[in-house]
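Scroll down for the structure; my scribbles are underneath it.
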Amino acid sequence: MSRITRRDFLTRTAATLAGAGLAGPATLAAGQGATRSRADVIVVGAGLAGLAAAITAADEGASVLVVDKHYRIGGSAMGAGGSFSAAGSRLQREKKIEDSPERHLQDANRIGKGKADPGLLRLYTEQAAPTQEWLESLGIEFDAKGPRLAPEHELYTTARTCDAKGGGPGYIMALGKQLDQRIASGKVTLMAETEARRLVTRGGGVAGVAVADDSGRERVLSGKTVILACGGYGSNAAMVKRYNPSLASALRITSKYATGDGLRMAEAAGAALVNMDLLPPYFAGVENPPGSRRTLMISLISGIVPNFKGDVWVSKLGTRFMNEDSLSPDERERALRTIPDAAVFAIFDDAQLKANKPPLFAFDEHLKAGKTIKRANAMGDLALEIGVPAGQLAKTIDTYNRFVDAGRDPDFGRKDLVRIQVPPFYAIVASGVIFMTMGGVKTNARLQALGAGDTVIPGLYAAGEVQGAAQWMGDGLMSGAGNGAALVFGRQAAKDAVQAVRGGQR
């Protein structure tokens, strides 16, 4: 098989998005062979936070170097949705939805159990609407149907989630076009296929980045300031196992480039890592492709709650672990943390299958493949197929059926009770999913990286998932805050970095 070139990829991506009605840049990656090795601001990572930082720093008058180890820009956003939550957005105002940053902050603290950093959360909630307006000024369009209450995450009390047209790639196409303009003007140099390996320290602060090109040749880039915006560690199995061993077997939907490079480099330079113990898994997905320990957006089963009636969820122990009909994503995510390997099996019978919409996209294909959906004519045989104790699974289903007959579920309070009794029986083999990592580089509200005793590390900033989303989400997953905070913090890090450069500080 011939190796796809970067030009091939970009041409195909641009054509695909153009076909969807999305304007895009002439190039998505540039700067190979660039000779510049010194800049006011070095941005490591060209995802949402990195692009927002680079564009903002250039517009503030700084010289900017952007380094990314992929051959295209976009980072995790290329596989993400387009949600963005803001209080006081244009769409809210047009629809006369009353909201405020303070209400947004209160909702966030409720969802995150009060564990977010107060300064960073306030910065996000106060700057979300201005940042959304900035995005619109750059050509990003938001669906006029919004804002909405987003059931994929714990609900806000107010409709404030908007959706960018084209999802994550829609952001990247528009921001990439803006970046191209600044590259053409000489304000920005983009070094693609360039791996950041370590931070260069001098005089107690950070003064550059040692990088290697795709041939392994190293060079040192000198920068008055460095902004780390290179994502989380969700695709680094060793790091997940080290910090979150109960999720070592969870599926991932993270970019394969999200390997924790920024955390490793920052820690080596003296930065503190925080919230590494927090990692709520999303409920839930099936492995796709088989053997990859990964999943896809189309392979999530979160829609099973509102769209499928009667299934029972069991863990590897063969026991139920929550009310299957709960509409609270937060409740489902927390329940997953209580069971072995965050592994869940959705059990149902043939009558339920015929009475409902398919519980999984491409259900028949998955069933035929026999990997992620199992079928058997007896519950004991189904237990053997999915590797749970046969006696316990039979007991669990018998007990549940007695609850159905009695019209009451004393274990979990489920109201919608349907017997499981008509063979064949089915099991969807699913697992909690890592979308983003919650632990990362500790920063203050100026996005400066902090070391021991919360001392500022001069010249070093961090923005986006490399900070760990818990610094603004706390212990929970919040609608529109992954994209939103990355963009808000990328802009703010750039503004503060340029201000430090102008003041002769680092």
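Based on this model, can you work out whether S215 counts as of a type in the set (S, T, Y), out of contact with any strand residue (DSSP E or B) (no Cβ under 8 Å at 6 or more places or on another chain), within 27 Å of R38 (Cβ to Cβ) and at pLDDT 95 or above? No. Right, A192: crowded, with 21+ Cβ neighbours inside 10 Å and under 23 Å from A58 (Cβ atoms) or not? It is true that A192 is crowded, with 21+ Cβ neighbours inside 10 Å and under 23 Å from A58 (Cβ atoms). Among the conditions (1) in contact (Cβ under 8 Å) with a residue 40 or more places away in the chain; (2) under 23 Å from the mean Cα position of the chain (by Cα); (3) surrounded by fewer than 22 Cβ atoms within 10 Å (Cβ to Cβ), the only one that A238 does not satisfy is (1).
Being touching a residue at least 60 places away in the same chain (Cβ under 8 Å), among the charged types (D, E, K, R), in a strand (DSSP E or B) and surrounded by fewer than 21 Cβ atoms within 10 Å (Cβ to Cβ) is the requirement here; does R182 meet it? Taking the combined requirement at face value, the residue does not satisfy it. Select, from F425, F435, F361, the only residue that is touching a Lys or Arg at 6+ places or on another chain (Cβ under 8 Å) and not aliphatic (A, V, I, L, M). On inspection, the qualifying residue turns out to be F425.
When the stretch 241-269 is limited to residues that are hydrophobic (A, V, I, L, M, F, W, C) and closer than 18 Å to L279 by Cα, the one that is nearest to the chain's Cα centre (by Cα) turns out to be I253. The requirement of being surrounded by 15 or more Cβ atoms within 10 Å (Cβ to Cβ), more than 30 Å from G262 (Cα to Cα) and either outside the structural domain of K241 (by TED's automatic domain parsing) or under 29 Å from the mean Cα position of the chain (by Cα) (or both) is fulfilled somewhere in the stretch 429-437, by at least one residue. Pairing each residue of the stretch 70-81 that is outside the structural domain of G176 (by TED's automatic domain parsing) with any residue that is β-branched (V, I, T) and assigned to a helix (DSSP H, G or I), provided the two are 6+ apart or on different chains, yields no C-beta distance under 9 Å.
Just one of the numbered conditions (1) crowded, with 17+ Cβ neighbours inside 10 Å; (2) in contact with a Lys or Arg (Cβ under 9 Å, 6 or more places away or on another chain); (3) under 24 Å from P289 (Cβ atoms) is not true of Y400: (3). The set of residues from the stretch 88-136 being buried (at least 21 other Cβ atoms within 10 Å of the Cβ), outside any helix (DSSP H, G or I) and among the hydrophobic types (A, V, I, L, M, F, W, C) comprises just one member, A116.
Scanning the stretch 383-415 for residues that are of a type outside the set (D, E) and not in a helix (DSSP H, G or I) yields G387, V388, P389, G407, R408, P410, F412, G413, R414, K415. For the stretch 137-175, the set of residues classified as of a type in the set (K, R) and crowded, with 21+ Cβ neighbours inside 10 Å consists of R160 only.
The values are calculated or read from the model by the stated rules, or taken from the named source; none is laboratory data. What you are looking at is a predicted structure, and each value in this text was computed from that prediction instead of being measured. Cβ coordinates were reconstructed from backbone atoms using ideal geometry, including for glycine residues, and neighbour counts include every protein chain displayed.
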